[in-house]
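For reference, the structure is listed below as C-alpha coordinates.
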Amino acid sequence: MVKKSMAALLCLSLAFTAAACGNKEDGANGGGASSGGKTKLTFWTADRHDADYIKGLVEKFNTDNPDIEVEMSVMSENYVQSVDLAYASGQAPDILNAKFDFVNMARKQYFEPLDSFMKDDMKKRFEGTLRDSANMYDGKIYTLPNYGTTIRLVYNQELFEKAGIANPPKTLQEMVDAAKKITDMGKKDGIYGFAENFKNPTSAMERSVRNILQVSGYGVDGYNFKTGKYDFAGYKEVISAFKKMKDDGSMLPGVESMDIDPLRAQFAAGKIGMYLSYSAEIGVYQTQFPTKIKWAAAPVPSIDGTIKGLNGMNGAQWLAISNSSKNKEAAWKFVNYMYSEENLVKYAETGLGMPVLQSVAEKMKTPDIYGYKDFVPNKSDAIWPIKPNVDSSLQGLKYADAFWKYILDGSGDLDGIIADLSKRYNDALDKAVKAGDVKVNPDPNFDPMKLK
(Lines give C-alpha, C1' and ligand atoms only; values in the text may rest on other atoms or scores of the structure.)
Protein backbone atom coordinates (compact mmCIF):
# COMPACT_ATOMS: atom_id res chain seq x y z
CA MET A 1 0.00 0.00 0.00
CA VAL A 2 2.83 2.39 0.81
CA LYS A 3 4.50 1.86 -2.55
CA LYS A 4 1.22 2.40 -4.40
CA SER A 5 0.57 5.58 -2.46
CA MET A 6 4.06 6.88 -3.18
CA ALA A 7 3.67 6.07 -6.86
CA ALA A 8 0.35 7.89 -6.93
CA LEU A 9 1.98 10.93 -5.34
CA LEU A 10 4.75 10.79 -7.91
CA CYS A 11 2.24 10.80 -10.76
CA LEU A 12 0.39 13.68 -9.15
CA SER A 13 3.55 15.74 -8.60
CA LEU A 14 4.69 15.10 -12.16
CA ALA A 15 1.35 15.42 -13.88
CA PHE A 16 2.87 17.84 -16.34
CA THR A 17 4.80 15.03 -18.03
CA ALA A 18 3.18 11.84 -19.19
CA ALA A 19 6.57 10.15 -19.40
CA ALA A 20 6.98 10.07 -15.64
CA CYS A 21 3.72 8.21 -15.08
CA GLY A 22 3.34 6.13 -18.19
CA ASN A 23 3.15 2.38 -18.28
CA LYS A 24 5.99 0.26 -16.91
CA GLU A 25 7.44 -0.30 -20.37
CA ASP A 26 8.18 3.42 -20.49
CA GLY A 27 10.70 3.07 -17.68
CA ALA A 28 8.59 3.20 -14.54
CA ASN A 29 9.17 0.90 -11.58
CA GLY A 30 12.94 0.89 -11.29
CA GLY A 31 14.56 1.86 -14.58
CA GLY A 32 14.09 1.10 -18.24
CA ALA A 33 12.44 -2.05 -19.51
CA SER A 34 13.17 -4.25 -22.46
CA SER A 35 10.28 -4.90 -24.80
CA GLY A 36 10.29 -6.54 -28.21
CA GLY A 37 14.08 -6.47 -28.35
CA LYS A 38 14.25 -2.72 -27.68
CA THR A 39 15.67 -1.39 -24.41
CA LYS A 40 13.72 1.61 -23.15
CA LEU A 41 15.46 4.14 -20.93
CA THR A 42 14.12 7.16 -19.05
CA PHE A 43 16.16 10.36 -18.77
CA TRP A 44 15.21 13.18 -16.38
CA THR A 45 16.59 16.71 -16.38
CA ALA A 46 15.62 20.05 -14.86
CA ASP A 47 17.57 22.11 -17.41
CA ARG A 48 15.06 23.94 -19.53
CA HIS A 49 17.26 26.46 -21.30
CA ASP A 50 18.80 23.72 -23.48
CA ALA A 51 15.82 21.33 -23.61
CA ASP A 52 15.14 21.67 -27.34
CA TYR A 53 18.79 21.11 -28.23
CA ILE A 54 19.16 18.10 -25.93
CA LYS A 55 15.95 16.59 -27.31
CA GLY A 56 17.58 16.75 -30.74
CA LEU A 57 20.59 14.80 -29.45
CA VAL A 58 18.29 12.23 -27.86
CA GLU A 59 16.39 11.80 -31.12
CA LYS A 60 19.64 11.29 -33.05
CA PHE A 61 20.80 8.69 -30.53
CA ASN A 62 17.51 6.83 -30.83
CA THR A 63 17.76 6.87 -34.62
CA ASP A 64 21.38 5.64 -34.61
CA ASN A 65 20.65 2.97 -31.99
CA PRO A 66 17.43 1.19 -33.02
CA ASP A 67 17.85 -1.30 -30.15
CA ILE A 68 17.58 1.50 -27.54
CA GLU A 69 14.93 4.16 -26.98
CA VAL A 70 15.63 7.03 -24.60
CA GLU A 71 12.62 8.97 -23.35
CA MET A 72 13.46 12.42 -22.02
CA SER A 73 11.42 14.33 -19.43
CA VAL A 74 12.07 17.96 -18.52
CA MET A 75 11.04 18.65 -14.95
CA SER A 76 10.12 21.89 -13.17
CA GLU A 77 11.39 23.59 -10.02
CA ASN A 78 10.51 20.57 -7.84
CA TYR A 79 13.12 18.37 -9.51
CA VAL A 80 14.97 17.29 -6.35
CA GLN A 81 11.77 16.37 -4.53
CA SER A 82 10.54 14.48 -7.58
CA VAL A 83 13.76 12.48 -7.75
CA ASP A 84 13.54 11.62 -4.04
CA LEU A 85 9.94 10.50 -4.47
CA ALA A 86 10.82 8.46 -7.56
CA TYR A 87 13.51 6.53 -5.71
CA ALA A 88 11.27 5.99 -2.70
CA SER A 89 8.53 4.55 -4.91
CA GLY A 90 10.76 2.41 -7.11
CA GLN A 91 10.23 4.58 -10.20
CA ALA A 92 13.65 6.18 -10.57
CA PRO A 93 14.83 7.13 -14.07
CA ASP A 94 17.74 5.32 -15.73
CA ILE A 95 19.68 8.54 -16.38
CA LEU A 96 19.34 11.81 -14.51
CA ASN A 97 20.87 15.25 -14.37
CA ALA A 98 23.12 15.20 -11.30
CA LYS A 99 23.91 18.88 -10.85
CA PHE A 100 20.98 19.50 -8.54
CA ASP A 101 21.74 18.48 -4.93
CA PHE A 102 24.60 16.22 -6.02
CA VAL A 103 26.07 15.48 -2.58
CA ASN A 104 22.80 14.47 -0.96
CA MET A 105 21.89 12.26 -3.91
CA ALA A 106 25.32 10.63 -3.88
CA ARG A 107 25.06 10.09 -0.14
CA LYS A 108 21.69 8.40 -0.66
CA GLN A 109 23.38 6.12 -3.22
CA TYR A 110 21.16 7.19 -6.10
CA PHE A 111 24.05 7.05 -8.59
CA GLU A 112 26.04 4.24 -10.17
CA PRO A 113 29.84 4.82 -10.16
CA LEU A 114 31.19 5.52 -13.65
CA ASP A 115 34.77 4.41 -12.93
CA SER A 116 34.37 0.91 -14.35
CA PHE A 117 32.60 2.18 -17.48
CA MET A 118 35.21 4.79 -18.41
CA LYS A 119 38.09 3.74 -20.64
CA ASP A 120 41.56 5.19 -20.13
CA ASP A 121 41.25 7.70 -22.96
CA MET A 122 38.04 9.09 -21.49
CA LYS A 123 39.56 9.35 -18.03
CA LYS A 124 42.42 11.29 -19.56
CA ARG A 125 40.02 13.68 -21.33
CA PHE A 126 38.40 14.66 -18.05
CA GLU A 127 41.56 14.59 -15.95
CA GLY A 128 41.85 17.74 -13.87
CA THR A 129 38.17 18.67 -14.18
CA LEU A 130 36.76 16.34 -11.52
CA ARG A 131 36.12 17.77 -8.06
CA ASP A 132 35.20 16.10 -4.82
CA SER A 133 31.57 16.78 -3.82
CA ALA A 134 30.88 18.00 -7.35
CA ASN A 135 31.71 15.04 -9.62
CA MET A 136 33.08 12.58 -7.07
CA TYR A 137 31.94 11.31 -3.71
CA ASP A 138 33.87 8.96 -1.42
CA GLY A 139 36.51 8.57 -4.12
CA LYS A 140 34.12 7.41 -6.86
CA ILE A 141 33.17 9.23 -10.06
CA TYR A 142 29.42 9.69 -10.47
CA THR A 143 29.09 12.48 -13.05
CA LEU A 144 31.33 14.26 -15.55
CA PRO A 145 31.31 17.96 -16.42
CA ASN A 146 29.67 19.26 -19.55
CA TYR A 147 29.64 23.02 -19.26
CA GLY A 148 30.13 25.78 -16.75
CA THR A 149 27.97 28.81 -16.16
CA THR A 150 29.10 32.31 -15.33
CA ILE A 151 26.86 34.75 -13.48
CA ARG A 152 26.34 38.36 -14.50
CA LEU A 153 24.00 41.28 -13.88
CA VAL A 154 21.56 41.08 -16.80
CA TYR A 155 20.07 44.47 -17.60
CA ASN A 156 17.78 46.21 -20.08
CA GLN A 157 19.92 48.87 -21.77
CA GLU A 158 16.90 50.71 -23.13
CA LEU A 159 15.36 51.14 -19.67
CA PHE A 160 18.71 52.26 -18.24
CA GLU A 161 18.98 54.90 -20.95
CA LYS A 162 15.40 56.11 -20.46
CA ALA A 163 15.97 56.38 -16.71
CA GLY A 164 19.16 58.38 -17.27
CA ILE A 165 21.49 55.69 -15.90
CA ALA A 166 24.81 55.82 -17.74
CA ASN A 167 26.36 52.55 -16.57
CA PRO A 168 25.32 49.31 -14.87
CA PRO A 169 25.79 49.40 -11.08
CA LYS A 170 29.12 48.48 -9.50
CA THR A 171 28.00 48.78 -5.87
CA LEU A 172 24.95 47.73 -3.86
CA GLN A 173 23.87 51.32 -3.40
CA GLU A 174 24.13 51.99 -7.13
CA MET A 175 21.96 48.91 -7.76
CA VAL A 176 19.33 50.12 -5.28
CA ASP A 177 19.38 53.61 -6.80
CA ALA A 178 19.14 52.30 -10.38
CA ALA A 179 16.22 50.05 -9.49
CA LYS A 180 14.39 53.02 -7.94
CA LYS A 181 15.03 55.29 -10.95
CA ILE A 182 13.77 52.69 -13.42
CA THR A 183 10.67 52.03 -11.32
CA ASP A 184 9.88 55.73 -10.93
CA MET A 185 10.25 56.15 -14.69
CA GLY A 186 8.27 53.09 -15.81
CA LYS A 187 5.88 52.01 -13.05
CA LYS A 188 2.93 53.54 -14.89
CA ASP A 189 3.66 51.10 -17.73
CA GLY A 190 4.22 48.09 -15.49
CA ILE A 191 8.01 48.44 -15.52
CA TYR A 192 10.07 47.78 -12.39
CA GLY A 193 13.76 48.02 -11.63
CA PHE A 194 14.65 44.64 -10.17
CA ALA A 195 13.52 41.03 -9.84
CA GLU A 196 14.67 37.55 -8.85
CA ASN A 197 12.82 34.22 -8.83
CA PHE A 198 11.92 34.30 -5.13
CA LYS A 199 9.35 31.54 -5.35
CA ASN A 200 12.46 29.47 -4.70
CA PRO A 201 14.56 31.66 -2.37
CA THR A 202 17.57 29.34 -2.57
CA SER A 203 17.62 29.45 -6.37
CA ALA A 204 17.19 33.24 -6.31
CA MET A 205 20.01 33.86 -3.86
CA GLU A 206 22.37 31.36 -5.46
CA ARG A 207 22.25 33.40 -8.66
CA SER A 208 22.52 36.80 -6.98
CA VAL A 209 23.42 37.22 -3.29
CA ARG A 210 26.01 34.43 -3.37
CA ASN A 211 28.04 36.09 -6.12
CA ILE A 212 27.73 39.61 -4.72
CA LEU A 213 29.30 38.24 -1.54
CA GLN A 214 31.97 36.28 -3.42
CA VAL A 215 33.25 39.32 -5.29
CA SER A 216 33.14 41.17 -1.96
CA GLY A 217 35.55 38.63 -0.46
CA TYR A 218 33.22 36.33 1.44
CA GLY A 219 32.73 32.57 1.07
CA VAL A 220 29.92 30.41 -0.30
CA ASP A 221 26.49 30.48 1.32
CA GLY A 222 27.90 31.63 4.64
CA TYR A 223 30.78 29.15 4.74
CA ASN A 224 34.24 30.55 5.52
CA PHE A 225 36.94 28.41 3.91
CA LYS A 226 39.64 29.93 6.10
CA THR A 227 38.06 28.97 9.41
CA GLY A 228 36.02 25.95 8.33
CA LYS A 229 32.97 27.50 10.01
CA TYR A 230 29.74 29.18 8.95
CA ASP A 231 29.44 32.94 9.46
CA PHE A 232 26.55 34.85 7.88
CA ALA A 233 27.67 38.30 9.07
CA GLY A 234 28.60 39.30 5.52
CA TYR A 235 24.98 39.04 4.45
CA LYS A 236 23.83 42.07 6.42
CA GLU A 237 24.52 44.75 3.82
CA VAL A 238 23.31 42.66 0.87
CA ILE A 239 20.07 41.55 2.51
CA SER A 240 19.46 45.13 3.68
CA ALA A 241 19.85 46.33 0.08
CA PHE A 242 17.42 43.71 -1.22
CA LYS A 243 14.94 44.65 1.49
CA LYS A 244 15.28 48.31 0.54
CA MET A 245 14.35 47.49 -3.08
CA LYS A 246 11.36 45.45 -1.88
CA ASP A 247 10.20 48.12 0.56
CA ASP A 248 10.44 51.02 -1.89
CA GLY A 249 8.52 49.11 -4.56
CA SER A 250 11.46 48.64 -6.93
CA MET A 251 10.95 44.88 -7.19
CA LEU A 252 8.49 43.51 -9.72
CA PRO A 253 5.21 42.80 -7.89
CA GLY A 254 4.69 39.11 -7.26
CA VAL A 255 8.37 38.09 -7.09
CA GLU A 256 7.55 36.07 -3.98
CA SER A 257 5.64 33.60 -6.17
CA MET A 258 7.69 33.91 -9.37
CA ASP A 259 9.74 31.11 -10.97
CA ILE A 260 12.68 31.92 -13.21
CA ASP A 261 10.87 31.32 -16.51
CA PRO A 262 8.00 33.77 -15.80
CA LEU A 263 10.68 36.26 -14.73
CA ARG A 264 12.51 35.75 -18.02
CA ALA A 265 9.27 36.24 -19.93
CA GLN A 266 8.73 39.57 -18.16
CA PHE A 267 12.29 40.66 -18.86
CA ALA A 268 11.92 39.70 -22.53
CA ALA A 269 8.77 41.84 -22.62
CA GLY A 270 10.73 44.84 -21.33
CA LYS A 271 9.15 44.95 -17.88
CA ILE A 272 12.25 44.41 -15.71
CA GLY A 273 15.29 46.65 -15.46
CA MET A 274 17.79 44.10 -14.17
CA TYR A 275 18.37 40.80 -12.41
CA LEU A 276 21.30 38.48 -11.78
CA SER A 277 21.52 35.10 -13.46
CA TYR A 278 23.51 32.49 -15.33
CA SER A 279 25.00 32.42 -18.82
CA ALA A 280 22.06 30.19 -19.76
CA GLU A 281 20.24 33.47 -20.45
CA ILE A 282 22.09 33.69 -23.76
CA GLY A 283 20.13 30.77 -25.16
CA VAL A 284 16.95 31.68 -23.31
CA TYR A 285 16.53 34.95 -25.20
CA GLN A 286 17.40 33.30 -28.50
CA THR A 287 14.91 30.45 -28.41
CA GLN A 288 12.86 30.12 -25.23
CA PHE A 289 11.79 33.75 -24.90
CA PRO A 290 12.91 35.52 -28.10
CA THR A 291 13.12 39.25 -27.49
CA LYS A 292 13.76 42.39 -29.47
CA ILE A 293 14.83 44.47 -26.48
CA LYS A 294 18.38 45.72 -26.24
CA TRP A 295 19.94 43.95 -23.30
CA ALA A 296 23.43 43.25 -21.99
CA ALA A 297 25.24 41.59 -19.08
CA ALA A 298 27.66 43.30 -16.71
CA PRO A 299 29.99 42.12 -13.91
CA VAL A 300 28.32 41.32 -10.61
CA PRO A 301 28.36 44.38 -8.33
CA SER A 302 30.22 44.16 -5.03
CA ILE A 303 29.10 45.62 -1.72
CA ASP A 304 31.16 48.82 -1.98
CA GLY A 305 32.65 48.61 -5.48
CA THR A 306 35.88 47.02 -4.27
CA ILE A 307 36.62 43.58 -5.72
CA LYS A 308 37.99 41.31 -2.98
CA GLY A 309 37.19 37.93 -4.52
CA LEU A 310 36.72 36.25 -7.88
CA ASN A 311 33.24 35.71 -9.28
CA GLY A 312 32.13 32.11 -8.81
CA MET A 313 31.36 29.90 -11.80
CA ASN A 314 28.70 27.22 -11.41
CA GLY A 315 28.08 23.86 -13.01
CA ALA A 316 30.63 21.22 -14.03
CA GLN A 317 28.13 18.43 -13.34
CA TRP A 318 25.75 16.76 -15.75
CA LEU A 319 24.62 13.19 -16.34
CA ALA A 320 24.56 10.25 -13.95
CA ILE A 321 23.31 6.68 -14.19
CA SER A 322 20.81 5.51 -11.60
CA ASN A 323 22.04 2.72 -9.36
CA SER A 324 18.58 1.15 -9.67
CA SER A 325 18.59 1.02 -13.47
CA LYS A 326 18.11 -2.47 -14.88
CA ASN A 327 19.90 -1.50 -18.09
CA LYS A 328 23.11 0.17 -16.97
CA GLU A 329 25.15 -0.85 -20.01
CA ALA A 330 22.58 0.72 -22.33
CA ALA A 331 22.42 3.78 -20.06
CA TRP A 332 26.20 4.12 -20.25
CA LYS A 333 26.07 3.88 -24.04
CA PHE A 334 23.76 6.92 -24.03
CA VAL A 335 25.83 8.81 -21.44
CA ASN A 336 29.04 8.10 -23.36
CA TYR A 337 27.38 9.39 -26.54
CA MET A 338 26.27 12.60 -24.82
CA TYR A 339 29.80 13.20 -23.52
CA SER A 340 31.46 12.63 -26.89
CA GLU A 341 33.82 15.44 -27.84
CA GLU A 342 31.77 16.10 -30.97
CA ASN A 343 28.61 16.69 -28.95
CA LEU A 344 30.38 18.78 -26.30
CA VAL A 345 31.90 21.00 -29.00
CA LYS A 346 28.54 21.45 -30.73
CA TYR A 347 26.88 22.20 -27.39
CA ALA A 348 29.43 24.92 -26.60
CA GLU A 349 29.03 26.39 -30.09
CA THR A 350 25.31 26.86 -29.51
CA GLY A 351 26.09 29.27 -26.68
CA LEU A 352 24.00 27.25 -24.22
CA GLY A 353 26.93 26.84 -21.82
CA MET A 354 30.58 27.74 -21.39
CA PRO A 355 33.06 24.91 -22.11
CA VAL A 356 34.82 23.23 -19.19
CA LEU A 357 37.20 20.94 -21.09
CA GLN A 358 40.25 22.66 -22.55
CA SER A 359 40.05 20.43 -25.64
CA VAL A 360 36.51 21.64 -26.29
CA ALA A 361 37.49 25.30 -25.83
CA GLU A 362 40.32 24.86 -28.33
CA LYS A 363 38.20 23.16 -31.01
CA MET A 364 34.94 25.10 -30.79
CA LYS A 365 34.11 28.08 -32.95
CA THR A 366 33.16 31.13 -30.91
CA PRO A 367 29.43 31.49 -31.44
CA ASP A 368 28.16 34.66 -33.05
CA ILE A 369 25.25 34.90 -30.64
CA TYR A 370 23.81 38.01 -29.05
CA GLY A 371 25.06 38.42 -25.48
CA TYR A 372 27.64 35.62 -25.62
CA LYS A 373 30.71 37.81 -25.20
CA ASP A 374 29.33 39.32 -21.99
CA PHE A 375 29.30 35.92 -20.28
CA VAL A 376 32.62 34.49 -21.51
CA PRO A 377 34.76 33.51 -18.49
CA ASN A 378 37.64 35.88 -17.83
CA LYS A 379 40.33 36.44 -15.19
CA SER A 380 37.64 37.70 -12.80
CA ASP A 381 35.78 34.36 -12.84
CA ALA A 382 36.82 31.20 -11.00
CA ILE A 383 35.71 27.81 -9.72
CA TRP A 384 35.21 28.05 -5.96
CA PRO A 385 35.64 25.07 -3.62
CA ILE A 386 32.55 23.10 -2.63
CA LYS A 387 31.04 24.06 0.73
CA PRO A 388 30.10 21.31 3.23
CA ASN A 389 26.49 20.28 2.69
CA VAL A 390 24.69 20.29 6.05
CA ASP A 391 21.06 20.44 4.90
CA SER A 392 20.27 16.95 6.17
CA SER A 393 21.32 17.83 9.74
CA LEU A 394 20.10 21.45 9.79
CA GLN A 395 17.33 22.35 12.23
CA GLY A 396 14.96 25.15 11.23
CA LEU A 397 14.82 27.41 8.19
CA LYS A 398 17.57 27.35 5.57
CA TYR A 399 19.48 30.61 5.19
CA ALA A 400 17.74 31.67 1.98
CA ASP A 401 14.27 31.12 3.42
CA ALA A 402 15.13 32.98 6.63
CA PHE A 403 16.55 35.98 4.79
CA TRP A 404 13.71 36.09 2.25
CA LYS A 405 11.15 36.01 5.08
CA TYR A 406 12.89 39.06 6.55
CA ILE A 407 12.98 40.84 3.17
CA LEU A 408 9.33 40.08 2.54
CA ASP A 409 7.71 41.01 5.84
CA GLY A 410 10.48 42.51 7.96
CA SER A 411 9.85 40.05 10.75
CA GLY A 412 12.65 39.66 13.26
CA ASP A 413 15.91 41.50 13.85
CA LEU A 414 18.46 41.05 11.05
CA ASP A 415 21.40 40.82 13.45
CA GLY A 416 19.49 38.21 15.43
CA ILE A 417 18.63 36.25 12.28
CA ILE A 418 22.30 36.27 11.24
CA ALA A 419 23.46 35.09 14.67
CA ASP A 420 20.82 32.35 14.71
CA LEU A 421 21.77 31.13 11.23
CA SER A 422 25.47 31.03 12.10
CA LYS A 423 24.77 29.00 15.23
CA ARG A 424 22.34 26.57 13.59
CA TYR A 425 24.56 25.97 10.57
CA ASN A 426 27.63 25.37 12.75
CA ASP A 427 25.64 23.02 14.96
CA ALA A 428 24.55 21.15 11.82
CA LEU A 429 28.15 21.14 10.57
CA ASP A 430 29.42 19.66 13.82
CA LYS A 431 26.71 17.01 13.70
CA ALA A 432 27.47 16.13 10.06
CA VAL A 433 31.21 15.88 10.76
CA LYS A 434 30.65 13.58 13.74
CA ALA A 435 28.37 11.40 11.63
CA GLY A 436 31.03 11.18 8.95
CA ASP A 437 28.77 12.80 6.33
CA VAL A 438 31.12 15.69 5.57
CA LYS A 439 34.77 16.55 5.97
CA VAL A 440 36.04 19.99 6.98
CA ASN A 441 39.51 21.18 6.03
CA PRO A 442 40.08 24.79 7.13
CA ASP A 443 42.59 26.66 4.98
CA PRO A 444 44.06 29.67 6.82
CA ASN A 445 45.77 30.72 3.59
CA PHE A 446 42.61 30.66 1.48
CA ASP A 447 42.59 33.67 -0.84
CA PRO A 448 39.40 34.38 -2.85
CA MET A 449 41.49 36.39 -5.32
CA LYS A 450 43.75 33.46 -6.19
CA LEU A 451 41.26 30.81 -7.26
CA LYS A 452 41.63 28.97 -10.55
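The values are calculated or read from the model by the stated rules, or taken from the named source; none is laboratory data. No experiment lies behind these values; they were computed from the predicted model shown. Ideal geometry is used to build each Cβ from the backbone, glycine not excepted, and the neighbour counts take in all protein chains shown. Accessible surface is based on the protein model in full, side chains and every heavy atom, while ligands, DNA and RNA are left aside. Shrake-Rupley method; radii C 1.70, N 1.55, O 1.52, S 1.80 Å.
Using the basic label-point model (7 angstrom from Cα toward the beta carbon), what is the D121 to S411 distance in nanometres?
Distance between the two pseudo-spin positions: 6.0 nm.
Compute the acute angle (0 to 90°) between the alpha-carbon long axis of helix 328-338 and the principal axis of greatest extent of the alpha-carbon atoms of the chain; round to the nearest 10°.
It is inclined by approximately 50 degrees.
Considering only I54, L397, S277, whose Cα is most displaced toward the positive end of the charge dipole of the chain, charges sitting on Cβ of Lys, Arg (+1) and Asp, Glu (-1)?
L397
Where only protein heavy atoms count, and the probe is 1.4 Å, what is the accessible area per residue for region 141-205 in Å²? Each step should come with its number before you reach the end.
Working: 2330 Å² over 65 residues.
With all protein chains present, region 141-205 gives 36 Å² per residue.
With each label point set 7 Å from Cα along the Cα-Cβ vector, what nm distance links N426 and K452?
The modelled label-to-label distance comes out at 3.2 nm.
Would you list, by chain and number, the aspartates and glutamates whose Cα falls below 14 Å from the Cα of K199, excluding same-chain residues fewer than 8 positions away?
E77, E256, D259, D261, D401
Can you give the extra length, in nm with one decimal, that the chain gains between E161 and K365 once fully stretched, where that is 0.36 nm per residue apart less the Cα-Cα distance?
Working: separation 204, 0.36 × 204 = 73.44 nm, distance 3.31 nm.
Additional length available on full extension: 70.1 nm.
So how strong a dipole does the chain carry about its Cα centre when Lys and Arg Cβ are +1 and Asp and Glu Cβ are -1, to the nearest 20 debye?
Working: 56 positive and 58 negative charges, 53 e Å.
Here the size comes out at about 260 debye.
With 19 Å as the limit, write out which pairs from K226/K387; K170/K244; K140/K226; K162/K271 have Cα-Cα distances beyond it, or answer none.
K140/K226
Can you give me the angle between helix 2-13 and the longest principal axis of the chain, using Cα atoms only, in degrees from 0 to 90, rounded to the nearest 10?
The helix 2-13 is inclined about 50 degrees to the chain.
If you find the alpha carbon centre of region 106-153 and of region 265-312, how far apart are they in angstrom?
Taking the Cα centre of each part, region 106-153 and region 265-312 sit 28 Å apart.
On a straight-distance basis, which aspartates and glutamates could pair with K333 in a cross-link, Cα separation under 17 angstrom, same-chain partners fewer than 8 positions away excluded?
Output for K333: E59, D64, D67, E69, E71, D94, E112, D115, D120, D121, E341, E342.
Could the peptides 218-228, 387-397 be put in order, highest first, of the mean number of other beta-carbon atoms found within 10 Å of their residues?
On the way: 218-228: 19.9, 387-397: 16.9.
So the order, starting with the most tightly packed, is 218-228, 387-397.
With charges only on Cβ, +1 for K and R and -1 for D and E, what is the dipole size of region 305-410 about its Cα centre, in debye, rounded to 20? Provide the component values of the computation, followed by the final result.
On the way: 12 positive and 11 negative charges, 40 e Å.
That gives a dipole near 200 debye.
Quick check for me: using +1 on Lys/Arg Cβ and -1 on Asp/Glu Cβ, what's the dipole size of region 222-268 about its Cα centre, in debye to the nearest 20? If you can, show how the numbers build up before the last one.
Numbers: 7 positive and 7 negative charges, 56 e Å.
For region 222-268, the charge dipole is close to 260 debye.
What is the angle, in °, between the Cα long axis of helix 51-64 and the longest principal axis of the Cα atoms in the chain? Nearest 10 is fine, range 0 to 90.
Helix 51-64 and the main axis of the chain meet at about 10 degrees.
State the percentage of accessible surface on the chain attributable to carbon and sulfur atoms; use a 1.4 Å probe and exclude ligands, DNA and RNA.
Details: 9890 of 19600 Å².
The nonpolar share, carbon plus sulfur, comes to 50 percent.
Sort region 39-151 into rounded, prolate or oblate with this rule: let a ≥ b ≥ c be the square roots of the eigenvalues of the Cα gyration tensor; rounded if a/c is under 1.5, and if a/c is not under 1.5, prolate when a/b is larger than b/c, oblate otherwise.
Since a/c stays below 1.5, the shape of region 39-151 is classed as rounded.
Starting from the amide H of M354, placed 1.01 Å from N in the peptide plane, find each other amide H under 5 Å away whose residue is 5 or more places distant or on another chain.
Distant-sequence amide H within range of M354: G148, T150.
Residues with amide H under 5 Å of L319's amide H, sequence separation 5 or more or different chain, H placed in the peptide plane at 1.01 Å from N; which?
Here A98, L144 satisfy the definition.
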